[in-house]
Amino acid sequence: RWVVAGPLLKDPVLAVRMTVVAWLLTVPSGQLQPAQRQAMEQGIDEYLQMQATNADRADARVNSALVWQYRGDAERAERELQAALRLDPSFTPARINLADLYRVLDREADGERVLREGLAAFPADASLHYALGLGLIRTRHVSDAVSALRRASELAPEVPRYAYVYA
């Protein structure tokens, strides 16, 4: 990824640089050379500034949270995701990312709570049912997981992944 996208961190178009940072976040920094790591950190700083200018939007808060999680700051990532949900409780990516952060932190019960709160408010959201089903599988609540996965596949038959995992 770095070979293809890394040079674009110096692109004159801000949107290009921001897209590249988001795309390269999954590259472990330990795999980068010092100059590459420095370029990535500069890109991340610019990315966070851009997200801060849109801090009144839930998606910007989720974007920031992903950066903080990448940097290993789970506390700050959690604050950003909670802020996103305060701004827009219907923004499913914030809820799912918060549940996933809790999974990483071995707080599966908190993740389940976040997803169930979302489903109480938005019962027809297939992605919440799917995320809950995955969480329930991890906690060995297989019967409840199958029900959640079945509901996800019923609500979104156009998403083959839901049907595949349910099957």
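The values are calculated or read from the model by the stated rules, or taken from the named source; none is laboratory data. Worth saying up front: this structure is predicted, and the values here are computed from it rather than measured. Cβ: placed from backbone, ideal geometry, glycine included. Neighbour counts: every protein chain shown. Ligands, DNA and RNA are excluded from the accessible area calculation, which covers all protein heavy atoms including side chains. Shrake-Rupley method; radii C 1.70, N 1.55, O 1.52, S 1.80 Å.
Quick one: in segment 10-21, of everything that is in contact (Cβ under 8 Å) with a residue 12 or more places away in the chain and surrounded by 15 or more Cβ atoms within 10 Å (Cβ to Cβ), which residue is nearest to residue 67 (Cα to Cα)? Give the derivation first.
Of segment 10-21, the ones in contact (Cβ under 8 Å) with a residue 12 or more places away in the chain are 10, 14, 17-18, 20-21.
Going one step further and asking which of them are surrounded by 15 or more Cβ atoms within 10 Å (Cβ to Cβ), we end up with 17-18, 20-21.
Values: 17: 15, 18: 12, 20: 13, 21: 9 Å.
Checking each candidate, the answer is 21.
Could you pull out the residue among 35, 39, 60, 52 that is of a type outside the set (Asp, Glu), within 17 Å of residue 98 (Cβ to Cβ) and either in contact with a His (Cβ under 7 Å, 6 or more places away or on another chain) or in a helix (DSSP H, G or I) (or both)? Give the derivation first.
On the way: 35 fails: within 17 Å of residue 98 (Cβ to Cβ); 39 fails: within 17 Å of residue 98 (Cβ to Cβ); 52 fails: within 17 Å of residue 98 (Cβ to Cβ).
Residue meeting the stated conditions: 60.
Hey, among 106, 100, 110, which residue is at positive phi and open to solvent by 20 Å² or more (accessible area, probe 1.4 Å)?
Working: 100 fails: at positive phi; 110 fails: at positive phi.
Among 106, 100, 110, only 106 is at positive phi and open to solvent by 20 Å² or more (accessible area, probe 1.4 Å).
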Some residue of segment 119-133 being at pLDDT 95 or above, part of a helix (DSSP H, G or I) and exposed (fewer than 15 other Cβ atoms within 10 Å of the Cβ): yes
Of all residues in segment 137-146 being assigned to a helix (DSSP H, G or I) and either touching a residue at least 60 places away in the same chain (Cβ under 8 Å) or not aliphatic (A, V, I, L, M) (or both), the one that is surrounded by the most Cβ atoms within 10 Å (Cβ to Cβ): 144
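From 5, 22, which residue is among the aliphatic types (A, V, I, L, M), closer than 24 Å to residue 102 by Cβ and either modelled with pLDDT under 95 or assigned to a loop (DSSP other than H, G, I, E, B) (or both)? Before the answer, list the steps.
On the way: 5 fails: closer than 24 Å to residue 102 by Cβ.
Just one listed residue meets the conditions, 22.
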Restricting segment 23-50 to residues that are free of Cβ contacts under 8 Å to residues at least 24 places away in the same chain and among the aliphatic types (A, V, I, L, M), the residue that is most open to solvent (accessible area, probe 1.4 Å): 35
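Only one residue in 87, 105 is hydrophobic (A, V, I, L, M, F, W, C) and more than 16 Å from the chain's Cα centre (by Cα). Which one?
Details: 105 fails: more than 16 Å from the chain's Cα centre (by Cα).
87 is the lone residue from the list that is hydrophobic (A, V, I, L, M, F, W, C) and more than 16 Å from the chain's Cα centre (by Cα).
Is it fair to say residue 128 is touching a residue at least 12 places away in the same chain (Cβ under 8 Å) and in contact with a Phe, Trp or Tyr (Cβ under 7 Å, 6 or more places away or on another chain)? Outline the logic, then answer.
Values: touching a residue at least 12 places away in the same chain (Cβ under 8 Å): yes; in contact with a Phe, Trp or Tyr (Cβ under 7 Å, 6 or more places away or on another chain): yes.
Taking the combined requirement at face value, the residue satisfies it.
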Those residues of segment 51-82 which are open to solvent by 60 Å² or more (accessible area, probe 1.4 Å) and among the hydrophobic types (A, V, I, L, M, F, W, C), in sequence order: 52, 66
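Among the listed residues 155, 149, 115, which satisfies the condition of being surrounded by 15 or more Cβ atoms within 10 Å (Cβ to Cβ), touching a Leu at 6+ places or on another chain (Cβ under 7 Å) and not basic (Lys, Arg)? Show your work before the answer.
On the way: 155 fails: touching a Leu at 6+ places or on another chain (Cβ under 7 Å); 149 fails: touching a Leu at 6+ places or on another chain (Cβ under 7 Å).
Only one candidate passes the filter, namely 115.
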Segment 83-97 - residue that is touching a helix residue (DSSP H, G or I) at 6+ places or on another chain (Cβ under 6 Å) and either at positive phi or of a type in the set (S, T, N, Q) (or both) and, of those, most open to solvent (accessible area, probe 1.4 Å): 97
